[in-house]
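Following: one structure in structure tokens, then a few remarks.
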Amino acid sequence: MKNEHPELKQTLRRLLGPAEPEVGCDVCFEQLDRYVELELAGEDADRAIPGLRAHLDGCPACREEHESLRALARSDRPL
Ligand SMILES: [Zn+2]
């Protein structure tokens with residue numbers, strides 16, 4: 001199948017909305033600090049950064065990064 005209407009596809013994706021936001025490792029890496037801060041603050045991190053949790057579930061590398069950031073943040077922070 002030829003990809004003749006890439007702009008139509010983009011429009012469709014926009015119309016379909018962000019039900020399934022795609023977070024890649026680059027975005028994940030950018031947002032992970034904030035995500036962990038929100039988590040530790042008891043905020044709704046999943047709502048603030050949609051799709052990141054799904055990415056963590058599917059990406060062992062980022063999940064590991066997430067774990068170590070959490071551990072780091074906790075040890076930084078006196079109770
Ligand atoms: Zn990743």
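The values are calculated or read from the model by the stated rules, or taken from the named source; none is laboratory data. Predicted model, so just to flag it, every value in this text is computed and none were measured. Every residue, glycine as well, gets a Cβ built from its backbone with ideal geometry; the counts of neighbours run over all protein chains shown.
Just a few scattered comments:
- Verdict on Glu43 being assigned to a loop (DSSP other than H, G, I, E, B) and among the charged types (D, E, K, R): yes
- Residue list for segment 25-79, restricted to those being within 10 Å of the ligand (Cβ to nearest atom) and surrounded by 15 or more Cβ atoms within 10 Å (Cβ to Cβ): Val27, Cys28, Leu32, Leu52, His55, Leu56, Cys59, Cys62, Glu65, His66
- Looking only at segment 1-36, and only at residues there that are under 18 Å from His66 (Cα atoms) and not in a helix (DSSP H, G or I), the one that is modelled with the highest pLDDT: Gly24
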